[in-house]
Amino acid sequence: MMQLAACGTFLGVALLAGAARADYAAELIAQSRAARLHESDEWSALLHRIKPWLRPAQSEADGPGFFLGKDGKIDAAAELEATLRAFFQPPVVEVIPEVKPGDTENHGVQHPQCRFPARYAFLDRSLRFDPARLPQQPCPRFQDWRARVDPVSVSVVFAAAYVNHPASAFGHTFLRLDRRSAPDQPLLGYAVNFAADPTTSNGVLYALGGLTGQFRGYFSILPYYLKVKEYSDLESRDLWDYKLNLTQEQVDQMLRHIWELGTTWFDYWFADENCSYHILSLIEVAVSGVKLRERFPLWTVPIDTLRTLRDVPGLLGERKRRPSLDARMKARRSVLSGPEVRVAVSLAEDAEKARPALLTLPPRRQAATLDTALDLLQYHLGDVAGDEQKAAAAERKLVFMRARVREPSADPGLPPVTPPDVGHRSMLVVVGGGVQRNRPFGSFIWRAVLHDLISASEGQMSDHQLEMSRLELRVPTDTGQLSVREFRLLRLESLDPLDTWTPKIAWRVTTGFTRERLDAADLSYWELRGGPGLSLTPLGQLVYLMEEVEFDAGTGFVHKLRARLRPTLGLLLRPADLFHLRAEMAGRWDPTDSSRMRPLFSGEAAVNLGPRFQFRGQGMWSPDDWGWQAGLGLYF
Amino acid sequence: MRRISFSLVLASALFASSVWAANYGMAGCGLGSIVMGKDGNQILAATTNGTFGTQTFGITTGTSNCTRDGAVAKAHQALAFAEANYTSLMRQMASGEGEYLAGFVSLAGCQTSPLVYARAQEWSGAIFREENTPAAEVVLNFRSVMLGDPATAALCRG
């Protein structure tokens, strides 16, 4: 009887406590409604809400684990109330799962307060939770993770654009969190990365899937040194750090939110909702009220996001470059004599065999030669990917050979490079006119992104061209009829000059709608053309040979199709950013066309006047046609 | 050289029971090979902007060999670093300077002081004892060398 009474009392107390909690939850919800918290910038940022064109405002998160309310993706108020109620759930025993390949869904067990620490921090700050009525959960799993990441500052890191990789062509951005315990050691920081989890390793399928939103994008966190290895060592890309001026509380709130993102995904759109776009959302969480994503409604070019950040007063701090291994190696090599370069190469091949040749050099030159050989060996580590320790055997020999030469390493003195955010903008509009076979016309060119080789190289890829969506409209002055002269969907070109240390071939690919005059017939067709080439730099200017294969589809051809070969000899003169000129001599050979090689001469040039303006002109001549045009180019 | 090996063995024995030794008896972390691809398949990583290891580096995906919820477990930090940056670390340790050496020294529980660097440089040949010294052994050897001298031991955590 006593026991029963005790139980009854206990039950009664528990019921009372439950009722009190429900009361307090209702009280908090009423407070949040009165303060219209669900409309606040902070709450919108935490839910990744945005107002898409023609659709109601909603969250961009697509994984259901991100929402506690029934209609959380759309209804911000309901999600806020569901979050508040969930915070009252009784304590749970946390479960941390084991990582299983292919399983991104199992996140173990956490209390809602622990799953959503950034929401908790924001609501606690806004509503001042009473810890007696809403007990704070200890969240050991989150606390342990936070202690290991332990960030004191955040930088946006930009990996330079690089056309040789489909997904990275436009560049890539991610965040780096530097540690409180080692603020001056970026290598020890953590990278926070957003990327697609592709269901294919095929580059073309990846690009197609990415363009059409077929993949899920996830946030991940990994040691920054792995990112350095990936971009700087393996892909020869400079990394640029842009430090964000954030307070410790802003950094902490960003970290709490990164934790919240672990349980969700975002449909990945290569052009728009890509890596750089979602990195912006993390900054919106840290800096309340700053609106960044809405400036990129159609597409997001990584470098443009940096310019957007730069436009926010006081947000961006110090800027730093981490030169790629390739750049450091070539700088070292540039101060060696011809024989020393040969010794460096043989040292990297077989240290013992090359030792006698090395010893003929004075100690200081030995040091410089050995340092260069070590760089070369490191560069080729990428070839034996994975097991560095195997490759280390050869390196060990060289390392200790170097250690015996008691001479300090000379600073290779890298040539200065303009930061990428200073370069010209991505979108180009050209207004002008010209003449096509005696017919004058006015013309309008619009190119969505990114860079062509006659534009200023400052802050851009130096020997690469990447253009997407280039539309040229013309209005002949006699008829006044507007027509599409050309629409180039894509044009990629890589003219890396031949270097035996870093063997890469030159190549280019173009596809789009175009026109051609052949034997007095005007043809219009869709063109797909591409091929390998060879590029050299005699006298510091690029000279290149290309051997392209071309497939065309249009009504003017027999069977509506045509295939041609197109050898090209080209020259790119870039004496200074102010003036760039490119000239090409090409042959067009169609085996069904009486086996005649049809010549085509073309050229283009630009006078570049800073990041916003240029004058550009182009011309062409063939036995069937000729024309030229010029205009004023504006970058946006 | 013989003296060096002997003192290393002695130091290793002394600290074999310590937390450091306990953590390095195991196989490596393999974080580097996640990035580089085990079969040299770096193309995938490059193509996809580094989505390798969505699980290992997923933010709340749980525990793997050396990571917990994406961040490296404290006890494995030095090992993961030495493994992923093996040749850079070897090179900089032999030259007594550089950010990879500094990073490793911090993660292995020592202060980034010229004294530590000088001693690491002096003993680098013994720390990277042979051609394929496993990264776990490199960490242990480094610790032994530092704790073997009172001057550097004072700059390292136990």
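Cα gyration tensor of the protein assembly as shown, axes a ≥ b ≥ c as square roots of the eigenvalues: rounded (a/c below 1.5), prolate (a/b > b/c) or oblate?
Numbers: a/c = 2.43, a/b = 1.22, b/c = 2.00.
It is oblate, given that a/c is not under 1.5 and a/b is not larger than b/c.
How large is ³J(HN,Hα), in whole Hz, for each residue of the range A:105-111 in order, when computed from phi with the Karplus curve 6.51 cos²θ - 1.76 cosθ + 1.60 and θ = phi - 60°, using x for Gly and Pro?
Listing the rounded values in order: 9, 7, 10, x, 10, 9, 5 Hz.
Relative contact order (percent) for the range A:557-610, with alpha-carbon contacts under 8 angstrom and 6 or more residues of separation?
Rounded, it is 33 percent for the range A:557-610.
Please list the non-local residues whose amide H lies under 5 Å from the amide H of A:ARG485, H modeled 1.01 Å from N, same-chain partners needing a gap of 5 or more.
Long-range HN contacts for A:ARG485: A:GLU472, A:LEU473, A:ARG474.
Would you kindly state how much longer the chain becomes between A:TRP446 and A:ALA57 on full extension, computed as 0.36 nm times their sequence separation minus their alpha carbon distance, in nm to one decimal?
Difference between extended and current length: 137.0 nm.
What net charge is computed for the residues neighbouring A:LEU347, neighbours being all others with C-beta under 12 Å from the C-beta of A:LEU347, Lys and Arg scored +1, Asp and Glu -1? Spell out each step's value before the answer.
Working: positive: A:ARG342, A:LYS353, A:ARG355, A:LYS397, A:ARG402; negative: A:GLU340, A:GLU349, A:ASP350, A:GLU352, A:ASP371, A:ASP375, A:GLU395.
With Lys, Arg at +1 and Asp, Glu at -1, the net is -2.
Counting partner chain Cβ atoms within 10 Å of every residue's Cβ in A:394-401, what's the average?
The per-residue average across the peptide is 5.
Evaluate peptide B:128-141: per residue, the Cβ atoms of other protein chains within 10 Å of its Cβ; return the mean as an integer. Before the final figure, lay out each step's value.
On the way: counts 5, 1, 2, 8, 6, 3, 1, 3, 0, 0, 1, 0, 0, 0.
Partner-chain Cβ atoms within 10 Å, mean over residues of B:128-141: 2.
So what is the relative contact order of chain A, in percent, for Cα pairs below 8 Å that sit 6 or more residues apart? Display every interim value, and only then the final one.
Values: 1259 pairs, mean separation 51.2, N = 636.
So the answer I get is 8 percent.
Which shape class applies to the range A:408-507: rounded if a/c is under 1.5, otherwise prolate when a/b exceeds b/c and oblate if not, where a ≥ b ≥ c are the square roots of the Cα gyration tensor eigenvalues?
prolate
Determine the sum of side-chain charges near A:TRP43: Lys and Arg each +1, Asp and Glu each -1, restricted to other residues whose C-beta is under 9 angstrom from that of A:TRP43.
It works out to a net charge of -2.
List every residue whose amide H lies under 5 Å from the amide H of A:PHE613, counting only residues 5 or more places away in sequence or on a different chain, with H placed 1.01 Å from N in the peptide plane.
Amide H neighbours of A:PHE613: A:TYR635.
Shape of the range A:346-469 from its Cα gyration tensor (a ≥ b ≥ c, root eigenvalues): rounded if a/c is under 1.5, otherwise prolate when a/b > b/c, or oblate?
prolate
Net charge near A:LEU325, counting Lys/Arg +1 and Asp/Glu -1 over other residues with Cβ under 9 Å of its Cβ?
Cβ neighbours under 9 Å give a net charge of -2.
Could you order A:TRP265, A:TRP43, A:TRP299 so the one with the most accessible surface comes first? Probe is 1.4 Å. Present the calculation step by step, with values, prior to reporting the outcome.
Numbers: A:TRP265 30, A:TRP43 0, A:TRP299 80 Å².
If we order A:TRP265, A:TRP43, A:TRP299 from most to least accessible, we get A:TRP299, A:TRP265, A:TRP43.
Per residue, how much accessible surface does the range A:67-175 expose to a 1.4 Å probe? Answer in Å², no decimals.
40
Which of the residue pairs A:LYS353/A:LYS504; A:LYS51/A:LYS73; A:LYS320/A:LYS504; A:LYS243/A:LYS291; A:LYS100/A:LYS229 have a Cα-Cα distance greater than 23 Å in the structure shown?
The pairs that break the limit, which is 23 Å between Cα atoms, are A:LYS353/A:LYS504; A:LYS320/A:LYS504; A:LYS100/A:LYS229.
Expected output is a single nm value to one decimal: the length gained when fully extending between A:LEU359 and A:LEU609, i.e. 0.36 nm times separation in residues minus the C-alpha distance. What is it?
Gain on stretching A:LEU359 to A:LEU609: 84.8 nm.
Could you give each residue of the range A:392-407 its phi-based ³J(HN,Hα) in whole Hz, using Karplus coefficients 6.51, -1.76, 1.60 with θ = phi - 60°, and x for Gly or Pro?
5, 4, 5, 5, 4, 4, 5, 4, 7, 5, 5, 4, 6, 7, 7, 10
For A:GLY317, which sequence-distant residues (separation of 5 or more, or a different chain) have an amide H within less than 5 Å of its own amide H, given hydrogens modelled in the peptide plane?
Residues meeting the amide H criterion: A:LYS243, A:LEU244, A:ASN245.
Karplus couplings for the range A:229-234 from phi (6.51 cos²θ - 1.76 cosθ + 1.60, θ = phi - 60°), rounded to Hz, Gly and Pro as x?
4, 4, 8, 7, 8, 7
Sorted by accessible area (1.4 Å probe), largest first, how do A:TRP259, A:TRP526 line up? Don't skip to the answer; put the middle values down first.
Values: A:TRP259 5, A:TRP526 105 Å².
In descending accessible area the options line up as A:TRP526, A:TRP259.
Relative contact order (percent) for the range A:243-351, with alpha-carbon contacts under 8 angstrom and 6 or more residues of separation?
Across the range A:243-351, relative contact order equals 29 percent.
Measure out, as a whole number of angstrom, how far apart the alpha-carbon centroids of the range A:479-556 and the range A:78-94 sit.
Between the Cα centre of the range A:479-556 and that of the range A:78-94, the gap is 59 Å.
What are the residues of the range A:405-428 that lose 10 Å² or more of accessible area, with a 1.4 Å probe, going from their chain alone to all protein chains?
Residues meeting the cut-off: A:ARG406, A:SER409.
Jot down the radius of gyration and Dmax of the range A:207-314, Cα atoms only, both in angstrom.
Rg then Dmax for the range A:207-314, in Å: 14.7, 41.
Roughly how far apart, in whole Å, are the Cα centres of the range A:397-461 and the range A:177-198?
When both Cα centres are located, 27 Å separates them.
With a 1.4 Å probe and all protein chains in place, put A:GLU79, A:GLU294 in order of accessible area, largest first.
Largest to smallest exposure gives the sequence A:GLU294, A:GLU79.
Averaged across B:91-98, how many Cβ atoms of other chains sit within 10 Å of each residue's Cβ atom?
The shielding value for this peptide is 5.
Under a cut-off of 20 Å between alpha-carbon atoms, report the lysines in cross-link reach of B:LYS74, not counting same-chain residues fewer than 8 places apart.
Straight-distance partners of B:LYS74: A:LYS227.
How much accessible area per residue does the range B:104-158 have, in Å², with a 1.4 Å probe? Provide the component values of the computation, followed by the final result.
Working: 2100 Å² over 55 residues.
Per-residue value: 38 Å².
At a Cα cut-off below 17 Å, give the aspartates and glutamates reachable from A:LYS560, other chains included and same-chain residues fewer than 8 away excluded.
Of all the aspartates and glutamates, those that pass the test against A:LYS560 - Cα under 17 Å, at least 8 places apart if same chain - are A:GLU516, A:ASP522, A:GLU527, A:GLU550, A:ASP552, A:ASP590, A:ASP593.
Going by Cα centres, the range A:271-286 and the range A:564-636 are how many Å apart?
The distance from the Cα centre of the range A:271-286 to that of the range A:564-636 comes to 38 Å.
The values are calculated or read from the model by the stated rules, or taken from the named source; none is laboratory data. Here the structure is a predicted model, which is why all the values come from computation and not from measurement. All Cβ positions, even for glycine, are placed from backbone atoms using ideal geometry, and neighbour counts span all protein chains on display. Just the protein is used for accessible areas: all its heavy atoms, side chains included, with ligands, DNA and RNA removed. Shrake-Rupley method; radii C 1.70, N 1.55, O 1.52, S 1.80 Å.
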